[in-house]
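The values are calculated or read from the model by the stated rules, or taken from the named source; none is laboratory data. In this text, all values refer to a predicted model and were calculated from it rather than measured experimentally. Glycine gets a Cβ as well: all are built from the backbone with ideal geometry, and neighbour counts include every protein chain shown. Note: areas computed on protein heavy atoms with side chains; ligands, DNA, RNA excluded. Shrake-Rupley method; radii C 1.70, N 1.55, O 1.52, S 1.80 Å.
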Amino acid sequence: VSQRAHRPGRPALVSSPSSPPSPAAALSPADPDWASYKLGVFICLNCSGVHRNFPDISKVKSLRLDFWDDSVVEFMTHNGNLRVKAKYEARVPAFYYIPQASDCLVLKEQWIRAKYERQEFMADGKTISLSGNREGFLWKRGRDNAQFLRRRFVLLAREGLLKYYTKEEAGSAKKGNSIHIKDLNATFQTEKIGNPHGLQITYRREGHIRNLFVYHESGKEIVDWFNALRAARLQYLKAAFPELPESELVPLITRNYLKQGFMEKTGPKHREPFKKRWFALDPQERRLLYYKNPLDAFDLGQVFLGSREQGYEVSEGLPKNVQGNRWKAGLTIVTPERRFLFTCPSEKEQGEWLESFRDVLSRPLTSFNLLTASTESGHSSR
C-alpha cells in the first residue's frame, strides 16, 4: 500500500510539542522553513545549505515546497529539536563554542559534524579531549609582510600560555612569542583574512593590541584549536574569579567584534587632515581600535567607550567648522577627555556605526571594563 504524500505546505508537525526549534539544536529560527528529515530537526535557510553538504549525515526538505510522506511526518513528530538536542547535546562542554546563524561556515560545518557524525556530545559517547593543552602547526601571517609561514604552536593551559616558534624545530620560545591566556582573544575572521578557516588571535602587548592571523587547511583542526583556546581561557577565568558562577564567565571566554570597517579620522585638534583607517569595535572591552590596514599586526590607537553616565556620547554629524576629506557622513564621539571625529563612506555605514556605538554606551560598566581602562589610561587619547 503506497503511503500518502502531504502536498507542499507547512505540515502540522511543526506545532508538535516535541518540535519547537532551538538555536542550539540546529541554529534554527523561531519560524523555520526547512527540516532535516534524516535527523528529525527543524532548521533555518542558511543551515539547510550547510546540512545539504553532508548527505551522509543529514537530508533536508522544505516545509513549504516539498512533499512529505506519512512516515517522514511521523518521524519528525516523534523526534523534533528538543528530543534530538537532548540526545546529541547531552554533554557539550561549557567552553565549547556553539555557532550562531551569523557565524562563518567552518564553525557551522564542524558543529554539525561534531554532533551528528562524530557524536562527541552524546551521553554514552567518548569525551572530547580539548583540555586546554594542544600542540601543532598553523599557517601564520608574517608581522611585516603578507606571507603565511608554517609555525609550531603550543598551548599550555596550566601555565596560562600560548607559545609559537619562529622555527619548526623544538626549543624555547622567545619572550615575544609567549602569549598570556589572560590577555588572549580568538575570533574567526574568514573574509578579512581571505581564508575560509582564518582565525584572528589577539592579545595585549605594551599597551597595544597585537594581532596574529592564522589558518589551517583542516576545518576540524582550526575549530579544535579555537575550542582548545576557549578551554584554556575558561580555566584561567575560573581561577582568577572563583566567586563568579560559570554561567557569568562563559560569555567572557572569547568575543567577536560588534562592527568593523573603514572610516576616516582626524586628530585631537580637529585641524589635522582626515585619514582613512580600519576600525574594529570590541564591545566587551568597550574599545574602538583603529589600524592603517585591516591585517596590521598592531593598532595605531584605541578609544575607550565608557557609559553615558560618565559623560560618553555619540552623535550624528561633525561640528560646523569641520569638514571631512572624501566622505561626508560624519559622526562624533564625546569622551571626558576629548571629541573624536569620524566620517563614513556611506549613510548606511554611518547608521550602522551609530547603532553599534549606542549599543556599547548603553551597556553597564563591569569590573573588567574598569580594570582594563585603568591599566591603559591615556592610550585612548592618541
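Spin-label pair N133-R150: with each label point 7 Å from Cα along the Cα-Cβ axis, the two points sit 2.5 nm from one another.
Select from Q260, V303, P319 the residue farthest towards the positive end of the dipole of region 259-374; place +1 on Cβ of Lys and Arg, -1 on Cβ of Asp and Glu, and compute about the Cα centre. Working it through, the farthest residue towards the positive pole turns out to be P319. Once backbone amide H atoms are built at 1.01 Å from N, G301 has Y290 as its partners under 5 Å, excluding neighbours fewer than 5 places away on the same chain.
Going down the list K220/K265; K85/K220; K59/K87; K87/K163; K61/K85, which pairs span over 30 Å between their C-alpha atoms? Write down the numbers at each step before the final one.
Numbers: K220/K265 40 Å; K85/K220 21 Å; K59/K87 18 Å; K87/K163 37 Å; K61/K85 19 Å.
Violating the 30 Å limit, Cα to Cα: K220/K265; K87/K163.
If you add up the charges near P283, with Lys and Arg at +1 and Asp and Glu at -1, over every other residue whose beta carbon is less than 11 angstrom from its beta carbon, what do you get?
+2
Across region 259-374, Cα pairs under 8 Å and at least six residues apart give a relative contact order of 25 percent.
Our Cα-only numbers for region 24-117 put the radius of gyration and Dmax at 12.7, 40 Å.
Let me check I've understood the local charge: for V214, count other residues with C-beta under 9 angstrom from its C-beta, Lys and Arg +1, Asp and Glu -1. What total comes out? It would help to have the intermediate numbers written out before the result.
Details: positive: K140, R141, R151; negative: none.
Taking every Cβ under 9 Å from that of V214, the sum is +3.
Full extension of the chain between K275 and R158 gives 37.7 nm of extra length, using 0.36 nm per residue less the Cα-Cα distance.
Working out 0.36 nm times the residue gap between D359 and S218, then minus their Cα-Cα distance, what length gain in nm do you get to one decimal?
Numbers: separation 141, 0.36 × 141 = 50.76 nm, distance 3.59 nm.
The span from D359 to S218 would gain 47.2 nm if fully extended.
The figure for Y116 is an accessible area of roughly 20 square angstrom, using a 1.4 Å probe on the protein chains alone. Taking every Cα-Cα distance in region 259-374 and sorting them into 10 Å bins starting at zero, the pair-distance distribution P(r) comes out as 14, 48, 33, 5 percent. For W278, the residues whose modelled amide H falls within less than 5 Å of its own, excluding neighbours fewer than 5 places apart on the same chain, are Y291, K292, N293. Among residues other than A94 with Cβ under 14 Å from its Cβ, the summed charge is +1 (Lys and Arg +1, Asp and Glu -1). Extension gain for the segment Q310 to K182, taken as residue separation times 0.36 nm less the Cα-Cα distance, is 43.4 nm to one decimal.
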